[in-house]
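First comes the structure, then the notes that go with it.
Taken together, the values in this text are just the output of simple stated rules run on the coordinates, not laboratory data. Keep in mind the model is a prediction, meaning the values are calculated, not measured. Ideal geometry is used to build each Cβ from the backbone, glycine not excepted, and the neighbour counts take in all protein chains shown.
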Amino acid sequence: MRGASVRGLDDAVLVVCGGAASRIVNGHTPHAIPIVKVHPAGAAERQVDDPDLASPIASGNRDALLARFDGLRAVLIFTVLGGHSGSAAYSEVISCAREKNCKVIVIAGLPLEFEATRERAFEQASKSFGQVDRMFIVDYAALFKIIMKGSDNCRLDAFFRICGHSVSFAIDNLASILEGPFFSTFSEHAYTFSYVNTMNPGDAAGIAVDVAPYDVDPSNGKMVITVGSAFRSVEIDTIVQSVVSATGIMPDIVFRDDLEDNKFVVFLPVRIGPSSPRASRS
């Protein structure tokens, strides 16, 4: 399927929840969908570490959120789970979107291993899983290990620039697909995604599995792969054949509007929830 142009996307919004998520997308702001940044009042300047304080602060945004969501079809949320203030805002956004009968699509980051909020982030991912329509999850600890394999000296600021670029590109891809049959394209409830840059289309899916920032089993369900609009049918056949030979499952190929034929976003189904395997924490 071809992703429709998103210049007229006026029935959806991206909500960036919390300071950590805002810092990741700074300088790499998605351009395909209107954006609202939600900091609990005062939390843009300070960290709110008290959960009893964070929830009522987040509720101060409720009327504004309800007004913003009025008449929308879908609300996309990007957040980094685990922190009190951002997570309180995240819960409030979900509640408001549900009250307005919007579909809720979450792009959720899990903190780095040394962050004290990591365990809480896994709990929040499981808890909110049943409250949203689709969840796309990225484990920054796993992604950091992958990037470190290719670099002996990866600074955190460089790492987060890479994260910002890949997340923003993936969000633009999701926004484009939202113009079409989004929920039949993403037929599983939860996915992770890999941003792959390669000149060999047949390698894209294999690389995506190797660098996926969450535990994946390629047989969990169909992959969704976005490609540039200039791709030829023979190149598409190469991708499809490589995925089918590895998984036995036909992928969905979605054409983007751009002409960049070396960039792929590969969405891979994952399992999230109390009884599901978690991303590696070691």
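In straight Cα distance, which lysines are under 27 Å from Lys222, not counting same-chain residues fewer than 8 positions off?
Lys103, Lys127, Lys145, Lys263
State the extension gain, in nm to one decimal, for the chain segment bounded by Asp261 and Met148, taking 0.36 nm per residue of separation less the distance between their alpha-carbons.
Once the chain is fully extended between Asp261 and Met148, it gains 38.1 nm.
Kirkwood-based Rg over Rh for the stretch 160-282 (C-alpha set), two decimals?
0.94
Which value, in nm² and rounded to one decimal, describes the direction-averaged projected area of the C-alpha convex hull of the stretch 62-125?
Projected over every direction and averaged, the Cα hull of the stretch 62-125 covers 4.1 nm².
Hey, what's the Cα Rg ratio for the stretch 85-160 versus the globular rule of thumb, 2.2 N^0.38 Å?
1.31
Using alpha-carbon pairs under 8 Å, 6+ residues apart, how would you state the relative contact order of the stretch 174-282 in percent?
Reported relative contact order: 38 percent.
State to the nearest 20 debye the size of the charge dipole of the stretch 108-258 about its Cα centre, where the only charges are +1 on K and R beta carbons and -1 on D and E beta carbons.
Dipole magnitude for the stretch 108-258 comes out near 140 debye.
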